Structures are given as structure tokens and as C-alpha cells.
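Working notes, beginning with the structure itself.
No value in this document is a laboratory result; all are computed from the given coordinates. Quantities reported herein were computed from a predicted structural model and do not represent experimental measurements. Note that we place each Cβ from the backbone using ideal geometry, even for glycine, and neighbour counts take in every protein chain shown.
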Amino acid sequence: MVGVAAVRVDRGEAGGLDEATVLARMRAEGLRPAAWGNGPGDEYGWHEHSYLKVLYCVAGSIVFHTADGDLLLESGDRLHLPPHTEHAATVGPAGCRCVEAATAG
């Protein structure tokens, strides 16, 4: 479809940034971030959001499942998930720690 933004992953350097730095940088971008974490193997079922989700993986890993395929996020990676993109997620074997924010996109 024309005009529909694509899912994007910005690959960071191995190890990434610490949580406090990510929170501060997202706030400086005008976002209102929140940090969260999950244990190994936790799953989120298929769903969508009405907003652009910006998510930074601080530690561990998480796989986002989309109709176009799976996206592995590891420490240092940043996901841009456009509004109304159906997705599910599975947390990696070491769990994950993430910072995310919603924006009008």
C-alpha cells in the first residue's frame, strides 16, 4: 500500500546503551518512554497498536513476529513499529529489558 510506513530495525553496537541513557535520549526526542522487562520465553500474542511504537532493547533479546517475518532485537537494537502493524513477540532465552514509547508517528 502506498503511504504505509515499514517496520524498521536500527542495529546498534553490541552491548548497546544503558537504560538511563536510553530513557534520557528518548525524552530528548520528545518521547515519553517507559522501561520494562520480561523473563525467558515470555510471549505476547498477536495484537496491534494505533500508534507508532519505538522500542529499544537494552539487555537480552526479543523476537517480534510480523506478517513479513521475524525480527530479532538484541541489546542495542531499536525497533520502529508503524501504527496498526499486527505483531506478536517472544522473549529470548536470557529474558529482556526494553525501553519503549508511543508516538503519533
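Computed values, structure above
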quantity: Sum of side-chain charges, residue 16 neighbourhood, beta-carbon under 12 Å (Lys, Arg +1; Asp, Glu -1); calculated: -2
quantity: Förster radius 22 Å - calculated FRET efficiency between residue 36 and residue 8, Cβ distance, rounded to 0.05; calculated: 0.60
quantity: Alpha-carbon centroid distance for the pair segment 3-29 / segment 30-105, whole angstrom; calculated: 11 Å
quantity: Overall dimensions of the chain as given by Cα atoms, namely Rg and Dmax in Å; calculated: 13.0, 39
quantity: FRET E, pair residue 88, residue 20, Förster distance 25 Å, beta-carbon r, rounded to 0.05; calculated: 0.30
quantity: Taking the chain and dividing mean pair separation by its residue count, relative contact order in percent (alpha carbons under 8 Å, at least six apart); calculated: 39 percent
quantity: Positive minus negative residues near residue 102 (Lys, Arg vs Asp, Glu; Cβ under 10 Å); calculated: +1
quantity: Simple label model, 7 Å out from Cα along Cβ direction - residue 43 to residue 70, nm; calculated: 1.2 nm
quantity: For the chain, calculated [θ]222 nm from helices alone, where every DSSP H run of n ≥ 4 adds -39500 (n - 2.57); calculated: -3000 deg cm²/dmol
